[in-house]
Each structure stands twice: as C-alpha cells, then as structure tokens.
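Below: the structure, in structure tokens.
The values are calculated or read from the model by the stated rules, or taken from the named source; none is laboratory data. Nothing here was measured: the structure is a model prediction, and the numbers come from that model. Cβ placement follows ideal geometry from the backbone for every residue including glycine, while neighbour counts extend to all protein chains displayed. Protein only, heavy atoms only, side chains kept; ligands, DNA and RNA dropped before computing areas. Shrake-Rupley method; radii C 1.70, N 1.55, O 1.52, S 1.80 Å.
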Amino acid sequence: TTAINSNAIEQVVTMAGGFNAEYGKVMSGAVNVVTKEGTGKYSGAFEAVTDNLGDWIGINNYDYNVYNLALGGLLIPNNDRCNFYFSGEKRWQRDRSPHPYAKDVNKAREEFLEVKVDNDNILPHNSLSGYTWQGKLNLKLSNAINLKMGTLGSSDRWTEYRHDYLFNIDHAPKYEDKNNSFYAKLTHTLSNRTFYTLSGNYYVTERKRGDGIYFDKLDDYARPTGNPRYDDESLFYSWDDLSTSADEGHVWDDYLHRKSSYVGADFDITSQVTPHHQIKSGLQFQRHTLRYYRHLFPHKVFLGVTGGGYNDVDWYGYDMTGDTEQDTSKLNSAKHPITAALYLQDKIEYEGIVVNAGLRVDYLNVDTKMLKDEFLPLGMYTTPDGRSYKDAILNENDYTDATGNLHPADLKEAKVRIFTSPRLGIGFPVTDRTLLHINYGKFFQQPNLVNLYVNYGYLEYMVKASPYYYPFGNPNLKPEETTAYEVGLTQQLGANTKLDVTGYYKDVKNLVEVANIGSYPKGFASYKNMDYGTIKGVDFALTMRRTRHLAMNLAYSLSWSNGTGSFTNTQRNVAWTASESPKMLASLEFDQRHKFSANIDYRVGKGEGPKLGNVFPLERAGVNLILTAASGTPYTPMVIYNEVTLAAVAPTPRGPINSIEGPWTYRLDLKADKEVSLMGLKTDFYLWILNLFGRKNAVDVYECSGSPTTTTWLSTPEGQKYVETYGATGERKYLLKEKSPNSFDLPRLVRFGIRINF
C-alpha cells in the first residue's frame, strides 16, 4: 500500500513462478523491490514532471505534477564506514486517473447545476495530493559486520469520481491513506563460506474513507428524515438544492476506518557447506495489531448509542463510536494474529545441473474466538412459548421471536493453521545454446486478515435481525493453496538475442468466497473456502541486448483461467438470495486469452549520431516505445434490461457464465529524452506521452450489449415508455449515465519532465 518514489528504486525483480522456499504468503508471484543506498561519493538528483506546459501548445492538460529530490553519500566526510541515501517526493494531481468523455460530464454539470467548469478535460472530485519519503543508513561496524537502517512511507489524500454521484459529486467518497515502516538489518560474515542476517521491522498502514464533505465527522452525517436516494429516474443520487441553506444531497453512507501494523523479525543463514551444496535456512515472525471500524449507515447516528444509531457498526480495536483506540482483553479489542515461517533450501550445482530444493512451513494463529456452532450461533435458549431453541427449529414457522444472546460459552478458540510448502526447481543445459528448467511447488496465501474478524455484538445483531445483506469475517478460514507446475526453455539465437518459452499449469483451491450460512434464528453471510480453479498457459519472451543503438524486449502470453469464482465477492448475489453456489468451472473475469507487449529502446551515445559541423545534435538522446495489446476479458451475456439504473435487479442470462469476450485493447506509450550539460550538471529533458494515438480502450462493457457506451435498452418497448414518461430530460440523463468515463482507460496524456543529476 506504500507509494514508492521510482527514483529511489535500485532494482525490481519479478518472480512469476518457481520461486524458492524463502518466499511465502503468495500463490502466483513475488516482486522484490530493492531501494538505493549511498556510496562513497556525494550525489543527488532533482526531477520535476508536469503536463501543464500543454496549455502553451494547445494540448489537453490534467494538472499532473510530481517533484522529487534524492541525496546520498558519506554521512561523515572522509569516513567510508557510514553512508546515507534519502529521497522525497511531492505529488499533486487534479485528475489522478483521467478518462475519455470528461467533457460530456462537465457539460452536463454546467447544464443541470449551472456551475462553471474551468477545465472540462478534468473529471470532478478525482484529485490526489501526497508525499513519499525514503531513507537508508548503511553502517560498516567492522570488516565482517554491516548494519542497515531505514524508513519508507507515504501519505495520500484523494477523492474518487463516481458516475452515480455526478450531480452530487461533493458527497462522493474521500480517502486518506498513511503508511510508514522502519527497519534494521544486520549482516554478519562468519567466513568466506557462511554469513547470516538478522532483521527487525515495524510497519503501519491506515485508511479512512468517508463522505466527501463530512469525512470522519460522523455526527455530521445525521439525517433524521432519512438519507435521500435517487433522482426521479433512479439514475443518479439525489443532489443538493443550491437555493436553500440545507444539504439535501445523498451522503456517502458508509464510513470506514482501519489501521493495522505489525512488528516482525527475520533470521536467515547461508552457507556453502560443500562445493556442490549451498544451504539457506531462515525463520520469519510477525505479530499484527488490527483495528477496524465500519459504520454501514452513519446517517443514523442522530439516534445515538442507545437508540440504535450504532447498531450497524462492525468494529474492533476502537470503541463503538470509532473515537478512541482500545487494546484490552475484551472480545472486541484489537486483534493480534501471529504469522511465522521456517524454511530450508538447498542449491545443488553439479556438472552444469542446478537443483533448488526447499521446504517451507507456515504458521497462522488468528488469536480470536469463533462460533462453536454456525448452525446455532447463539447456542441453546428458550423461545417465548417455553420451548428450547433446538426444539423450536424443528418447526420454523412457529419460531417468530428470538430472545437469545451471544455469550462467551457460545465461542471457542479459533484453529491454529500450519501448512507445508515443498518447492523443487531443476535447471540443466541441453546444448551449449539451450537451457531447460522444470519447477514444481506448493504455494499458500493466508486469508486477508480483515476477512477473519467480526465484532461479536454485530454478529449477534445480524443473526437475530438479518436486516440487510453484509458479509463479515470468519476466523476459521484456511489459507488459499496453489499447486504449480512449470517447464521452460531458454534458447540463444545469436550473440545478443535469446528466446524464453515457459509453459505452466496451476491448480488452485480453497479460494475465499462469500457464502450464506443457513443458521437460526436468521441466516447470515460470511466467508468460506469454497472456490477453486485452474490456470494454464504459455509465455514467450524475446530479448535483444543493445545492438547498434537498439535494444528490444518482446513478450506474448497465451493463457486460460477457469474457476467457480473470480473474486471474494463474485457470488454475492448467490449468497444474498441463498441460491446454490456454482460447481462447474467457467472463464474467470480476469481471464485474458492473449497479451502482447513490446519495449523498444533506441539510444545514441556521446559523440554518436548525425554530425552537423562539429556538433552531434542527437548525441545522448533516445526514444523508448512501449506497445501493449490484449484481448478482452469475459462477461456473461444478458437479456436486454435497464442496466444503468441504480434500482436494477438481477438480470436474466442469455448464455453461459463469462462466455463472451470484451473488445481488444491497444496502447502505445512514448518517451523521448535528451541529455545536456547545464552549468556543469548532467540534465535530462524528456517528453512522455501515454496512449500516443489517443485510443479509447474499453475496460468495461454492458452485459446486454457488449458495448461500453450503450445498453440499447432505450430502443426496447420498455425503453420507449421510459422516454415517454420522463421526456427529453430523462432521455438526456439516461444517455449520459450510459457513457461513463470509468468504462475506459486513460486518454492521450502528454507530460514534460526534467531531471538534474549532481
């Protein structure tokens, strides 16, 4: 969740599969980001990027601004045993995620609200302001001992454009994110064959999300006469009447405040025990502190604590009103799950063959109480007619008034989970130009910690009343599991070119999905390990090192992703209606059959390129092109219905689940730069264009039409009746609602940058 300043990054290593036992808590891949550190020389860099210069040449601008500064070198002059590196970034984006059709949005706001828009390219209420900081101190305590200490953090305040809130945009949600970490790592070299590392770290992340006007002031959400919902056509949320002093708009009726942190320690030791065996073993430990507060209907707070204004709150680690932090022995105090792992791996090298064999054991203790009986969550109690609860449920129609409460006796300690992950990788040469590798492994990912916990009072409230659908945590969740197989071939095609081909198959099970629990007196929704799937495909990558100024990377992926559910809330409607969950595999929502990318970089060194007199005008200049193309993701075709109304009900399918693909997407990005010397400083000027050809790439389509801009519902008899009822204004608003900017990727963005190194 931390936004990392790109100029603070030394190296990024992506492991898409077959990674060693030291990496855990992930099922598909791992990205290892290494940040920069100081050297024996003082150095620094300043960079500024903006798109506001586009005004001068008639190009759309979105008020994008990023500034960063980096400094590094010796902490004490002439003492190479201590160096430092610091970087900081300030960002301001008036439109943090531009989309096409912003002009239509702003024109409608001017028409219906009579507001003046100064830049109609910018989506309203879609800004971001934030900072990132990073610092690292490297101390050489002795010739054998090295200590690194550092911090990394970010802070962002941002707003989110929601098309439903177009005329009520000030009430659309606002966010505040804070992240910070501190770490220390000691490396001790015991001999020329053995060293160990000992590290400790602390990390904290916090998010607040609330109404765009009232945000974290819950008392201001109060709506004694109710929170008005939709406009007459049920297309947009109701908005404020500017002629009155009251606020008649619809508040964002869902306040969230979560804060989580952990203290961790790692120890690992590496030893080349024999010429053929390198052993690495380690122990990892984290103790978390989780606090969570979500008021689902804060407009009811005027009722107070005793009047039911805080019935609809799932909380722990805070008090009921969300004002103060709590960390006591009470059931709803902060949660402290513990995660730990032990791993052992052996790298075997013998006559060109490399074998990586490893075993990882993970431990998860959620350290909380769970229901003894989901079917009878409130245990045994007596109904108003004097019968025991278990007798009452034999005749459900007679059971009308629950009087039981949740007691500590109805709970038990949640299970401790221990899971083992074997890993095996083999690489060997077939010829002097061909390498083959084979990987097998099991990979586990712990459940999202927020899906493990619930406030026990809120659980009791939902089981008794079941006033609405809302899934809450289940402490009994198992880790999600992947069994992966991979075979790859690397073929050298020439002195500077190689081809990599990798085929893979992944069997995934115990995926977390929302489910309806058929309990008494009322059913409730929680999370279960229900979903499973398979992922298979083949990746091709062609890499050419720089030859005659040109370097190139081409990649193509062919893949199939099938399963019973794409995301944790895929089966929300199934759980809501208590229907039967799917058992047959279907294409997942992120299934993308074809993906292609090309990274082409042409660069001219000093004293190279065309010569004009005694000058090389293109020396130290270059152009980078990134081309991406991908087939569409699948969707389920539906019978034509009023798909954009806020009051839409479950539609009727006209084909199998996710049986039709959306449109292809194409995008070309360009970055051209020229390095010069200004006052003895190496200065780089660059032009950065995203989506060079301005293609309108659809990222979402309507299920009844396959189009990102129309449902075609207005052409149906029901649609014609709608036009007759609401007239030209209703039709205008309907067409506006259909053409949501959020259905498209970014438009053409032109940015200008300067980087000064010193």
Review point. Which number in (1) of a type outside the set (Asp, Glu); (2) under 21 Å from the mean Cα position of the chain (by Cα); (3) open to solvent by 20 Å² or more (accessible area, probe 1.4 Å) marks the one condition that residue 154 misses?
Key: (3)
Revision key, fill the gap. Residues of the stretch 430-460 being within 30 Å of residue 318 (Cβ to Cβ) and either among the polar types (S, T, N, Q) or in contact with an Asp or Glu (Cβ under 8 Å, 6 or more places away or on another chain) (or both), in sequence order, are 445, 446, 447, 448, 451, 454, 455, 458
Exercise for review: Determine if the stretch 721-731 includes at least one residue that is among the polar types (S, T, N, Q) and part of a loop (DSSP other than H, G, I, E, B).
Suggested key: no
**Study point:** Qualifying positions in the stretch 26-45 - closer than 30 Å to residue 208 by Cα and crowded, with 17+ Cβ neighbours inside 10 Å
**Key:** 27, 30, 35
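Suppose we filter the stretch 335-347 for residues that are of a type in the set (D, E, K, R) and either in a loop (DSSP other than H, G, I, E, B) or more than 19 Å from residue 414 (Cβ to Cβ) (or both); how many remain? It would help to see each step written out before you state the result.
Step one: of the stretch 335-347, the residues of a type in the set (D, E, K, R) are 335, 346-347.
When the remaining residues are screened for being either in a loop (DSSP other than H, G, I, E, B) or more than 19 Å from residue 414 (Cβ to Cβ) (or both), the result is 346-347.
Total meeting the criteria: 2.
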Check your understanding: Which residue pairs have Cβ atoms under 6 Å apart, sit 6 or more places apart or on different chains, and have a first residue in the stretch 169-193 that is more than 19 Å from residue 270 (Cβ to Cβ) and a second that is assigned to a helix (DSSP H, G or I)?
Key -> 172/165
Review point. Among the residues of the stretch 732-757, which ones are part of a helix (DSSP H, G or I) and of a type in the set (D, E, K, R)?
Key: 732, 733, 737, 738
Practice item. Among residues belonging to the stretch 308-334 that are open to solvent by 10 Å² or more (accessible area, probe 1.4 Å) and in a strand (DSSP E or B), point out the one that is nearest to residue 193 (Cα to Cα). Key: 325
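Could you tell me whether the stretch 241-259 includes any residue that is of a type in the set (A, V, I, L, M, F, W, C) and open to solvent by 40 Å² or more (accessible area, probe 1.4 Å)?
yes
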Point to revise | Total residues in the stretch 70-116, condition closer than 30 Å to residue 136 by Cβ, surrounded by 17 or more Cβ atoms within 10 Å (Cβ to Cβ), free of Cβ contacts under 8 Å to residues at least 40 places away in the same chain and more than 24 Å from the chain's Cα centre (by Cα) | key: 3
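For residue 208, are the conditions met, namely being free of Cβ contacts under 8 Å to residues at least 60 places away in the same chain, within 17 Å of residue 263 (Cα to Cα) and either among the basic types (Lys, Arg) or in contact with a helix residue (DSSP H, G or I) (Cβ under 9 Å, 6 or more places away or on another chain) (or both)?
Answer is no for this residue.
Hey, any hits in the stretch 565-582 for a residue that's open to solvent by less than 60 Å² (accessible area, probe 1.4 Å), at positive phi and modelled with pLDDT under 90?
So far as the stretch 565-582 goes, no, none of its residues is open to solvent by less than 60 Å² (accessible area, probe 1.4 Å), at positive phi and modelled with pLDDT under 90.
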Review point. When you scan the stretch 316-371, how many residues do you find that are touching a His at 6+ places or on another chain (Cβ under 6 Å) and among the hydroxyl-bearing types (Ser, Thr, Tyr)?
Key: 1
Point to revise | Residue that is of a type outside the set (Val, Ile, Thr), open to solvent by 30 Å² or more (accessible area, probe 1.4 Å), touching a residue at least 60 places away in the same chain (Cβ under 8 Å) and more than 25 Å from residue 600 (Cβ to Cβ), where the choices are 678, 736 | key: 678
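I'd like the full set of residues that are open to solvent by less than 20 Å² (accessible area, probe 1.4 Å) and farther than 29 Å from residue 96 by Cα, limited to the stretch 1-23.
19, 21
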Practice item. Among the candidates 24, 18, single out the residue that is assigned to a loop (DSSP other than H, G, I, E, B), under 29 Å from the mean Cα position of the chain (by Cα), at pLDDT below 90 and under 30 Å from residue 443 (Cβ atoms). Key: 18
Revision key, fill the gap. The correct count of residues that are open to solvent by less than 60 Å² (accessible area, probe 1.4 Å) and in contact with a His (Cβ under 9 Å, 6 or more places away or on another chain) in the stretch 602-631 is 7
Check your understanding: If a residue has to be touching a Lys or Arg at 6+ places or on another chain (Cβ under 8 Å) and either part of a strand (DSSP E or B) or surrounded by fewer than 14 Cβ atoms within 10 Å (Cβ to Cβ) (or both) to count, how many in the stretch 51-69 make the cut?
Key -> 5
Point to revise | Output for the stretch 421-467, where each listed residue is outside any loop (DSSP other than H, G, I, E, B), open to solvent by less than 20 Å² (accessible area, probe 1.4 Å), under 19 Å from residue 361 (Cβ atoms) and not hydrophobic (A, V, I, L, M, F, W, C) | key: 421, 423, 425, 441
Point to revise | residue 236 vs. criteria within 30 Å of residue 368 (Cβ to Cβ) and either out of contact with any Gly (no Cβ under 7 Å at 6 or more places or on another chain) or open to solvent by 20 Å² or more (accessible area, probe 1.4 Å) (or both) | key: no
Check your understanding: Which of (1) out of contact with any Asp or Glu (no Cβ under 6 Å at 6 or more places or on another chain); (2) closer than 30 Å to residue 423 by Cα; (3) aliphatic (A, V, I, L, M); (4) in contact (Cβ under 8 Å) with a residue 60 or more places away in the chain is the odd one out, the single condition residue 290 does not satisfy?
Key -> (2)
